[in-house]
Amino acid sequence: MSRLETFLHTIKTEFPDDRLTYQKRLPTFHPESADEAARLFKMAVRDGQRLYITGFGNNIDPVGERFRDLVIVRTDRLNDIQEISEADLYVRVGAGYPLRELPVELGPRKLFMPHASLPYVGSSGGAVAVNLTAELDSHNLPIKKYFIQSEVVTPLGEIVRPGSVCFKSVSGYDIVKIFASSWGLLGLIISVTFRVMPESAAGEFAALKMKPVDRRHFLSGLDHANSDTDAVYSLKIKAKFDPHGILPIV
């Protein structure tokens, strides 16, 4: 058997039957918890199997020959509302929870999250992974401004929970922000926590307009031939998080 066939056989042995499906003829793993994802990543490191992370497949869509030897990891079953705090103004959802459905949960509690009003049809984790950005009064407003905490499975199979729901928790770079615009290359986002605001603030964002998601610009920053300072540091960060290269740049 090939490496991929051996790995798929191991998945079928180690996990319930319904975790592995075939989407567009590609083997696709659907974790239902951080622990399941962590086990998969550790197996991938051990067996040298490469993975590819996607949400609903709107912006990160694995199709075609380039993905033939990969196992796709899809977040569609991590789709629960985990916590809404009216007192501390945050909402925590599974990475596969549709961003546009947030107002359904927030509205009855008189809460508002700006980017949930945009015509973005992807998941909450996907919105973070592409750093969904809007324009307000000629200024960019990226979703990472409201992204305050996460649960992430790293490419080494470790479960980390960077960030804080506190209004002021660090003096320096907030490490959770590094996963905004990571495009699934630094690990699997399991859950995301967004800062929300009272519904009375919604009027301030009436002119909010979604900007196109530009994947080509992002990937050019990870081109080894790109000597731009930001590109060099991006590659160093990628190598630090994923030393075995199980999340390839496709």
Pairs, please: C-beta under 9 Å, at least 6 apart or cross-chain, first residue on the phi < 0 side of the Ramachandran plot and in the range 233-250, second among the aromatic types (Phe, Trp, Tyr) and assigned to a loop (DSSP other than H, G, I, E, B)? Ile249/Trp183
Can you confirm whether the range 123-133 contains a residue that is outside any strand (DSSP E or B), modelled with pLDDT under 95 and out of contact with any helix residue (DSSP H, G or I) (no Cβ under 9 Å at 6 or more places or on another chain)? no
In this structure, is Glu36 in contact with a Lys or Arg (Cβ under 6 Å, 6 or more places away or on another chain), among the charged types (D, E, K, R) and either buried (at least 18 other Cβ atoms within 10 Å of the Cβ) or outside the structural domain of Ala202 (by TED's automatic domain parsing) (or both)? no
Criterion violated by Val63 - all others in (1) at pLDDT 95 or above; (2) in contact with a Lys or Arg (Cβ under 9 Å, 6 or more places away or on another chain); (3) exposed (fewer than 15 other Cβ atoms within 10 Å of the Cβ) satisfied: (1)
Could you count how many residues in the range 24-50 are among the basic types (Lys, Arg) and either within 16 Å of the chain's Cα centre (by Cα) or part of a loop (DSSP other than H, G, I, E, B) (or both)? 3
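Scanning for something farther than 13 Å from Gly184 by Cα, hydrophobic (A, V, I, L, M, F, W, C) and touching a Pro at 6+ places or on another chain (Cβ under 6 Å), does the range 5-22 turn up at least one residue? Step through it out loud before you land on a result.
Residues of the range 5-22 that are farther than 13 Å from Gly184 by Cα, as a first pass: 5-22.
Right, trim to hydrophobic (A, V, I, L, M, F, W, C) and you get 7-8, 11, 15, 20.
Now restrict to residues that are touching a Pro at 6+ places or on another chain (Cβ under 6 Å): 8.
For the range 5-22, residues farther than 13 Å from Gly184 by Cα, hydrophobic (A, V, I, L, M, F, W, C) and touching a Pro at 6+ places or on another chain (Cβ under 6 Å): present.
The values are calculated or read from the model by the stated rules, or taken from the named source; none is laboratory data. What you see is a predicted model; the values in this text were computed from it and never measured. So basically every Cβ, Gly included, is an ideal-geometry build from the backbone, and we count neighbours across all protein chains shown.
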